[in-house]
Every structure is written in structure tokens, then in C-alpha cells.
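Heads up: the structure comes next, in C-alpha cells.
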Amino acid sequence: MSSQEEILNDGRFSRITRDPRFWEMPEKERKVKIDKRFRAMFHDKKFKLKYTVDKRGRPVNYTSTENLRKFYALSESDSELSESDSKEHTEKKKKKKKAKPKGEGDS
């Protein structure tokens, strides 16, 4: 840490602290916002890959969906919609199951 402090105190590098190009990206802006059209990529089987080794050949135990969650986030307005949509979807399934049984048809 002391070497980093020396660099910042050095007159040649003093502009680094004031230059926005060298600032850290805010936590809110790090993830790319995904709208509701693409939310299926978080839970669809087509997007899920199981990794066994990393790029250097070391064994790992994670899937590609964890990477997707790391870099992408649902936009805030759509995340609220997705929660309500998922509730509506489960309610529709329950209603369909409560419909009349197959044995009783129009005779």
C-alpha cells in the first residue's frame, strides 16, 4: 500500500486521482441491464452449460448461469414485472388444473 501512496503523491501521477477514466466503475453500473424479453436466459436450459475445467485446465464446479448473473441484471422496472408475471403464471397453472377433468366431456 505504501508504494501506491507514493505513486499518488508523485507530481507526475497526480492527475490520475482526478481523471474519470481511472475511477472505479460504480457497483450499480457494472452489470448490463436486461429487459423482460431476455429474462429467460437466466433459467432456460438452452443457456445452461456445466463447466468441469476452467481455461487453464483446473477443475471447477459452476455453470454458465452463474456467469450470466455475474455480468447481467434484470432492469429494475422489469424485475418487478417479472416477479408479478411469475406469480400470474403459477396462478394460471393452478386454474388450468382446477378445470374439469378429462373423463367429463360434452356428451
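The values are calculated or read from the model by the stated rules, or taken from the named source; none is laboratory data. The shown structure was predicted, so the numbers you read here are calculated from the model rather than taken from an experiment. In case anyone asks, the SASA skips ligands and DNA or RNA and just uses the protein heavy atoms, side chains included. Shrake-Rupley method; radii C 1.70, N 1.55, O 1.52, S 1.80 Å.
Mind ranking Ile34, Ile16 by accessible surface for me, highest first, 1.4 Å probe?
Ile16, Ile34
Protein chains only, probe 1.4 Å: how do Ser64, Ser3 rank by accessible area, largest first?
Ser3, Ser64
Please work out how much length the chain gains when fully extended from Asp54 to Val32, using 0.36 nm per residue of separation minus the C-alpha to C-alpha distance, in nm with one decimal.
Gain on stretching Asp54 to Val32: 5.6 nm.
Stokes-Einstein D for segment 26-81 at 10 °C, 1.306 mPa s, Kirkwood Rh over Cα pairs, in µm²/s?
Reported coefficient: 126 µm²/s.
Would you kindly find the accessible area of Val60, with a 1.4 Å probe and non-protein molecules such as ligands, DNA and RNA excluded, rounding to the nearest 10 Å²?
40
When the solvent-accessible surface of protein heavy atoms is calculated with a 1.4 angstrom probe, in what order do Phe13, Phe22 fall, highest first?
Highest to lowest solvent-accessible surface, that is Phe22, Phe13.
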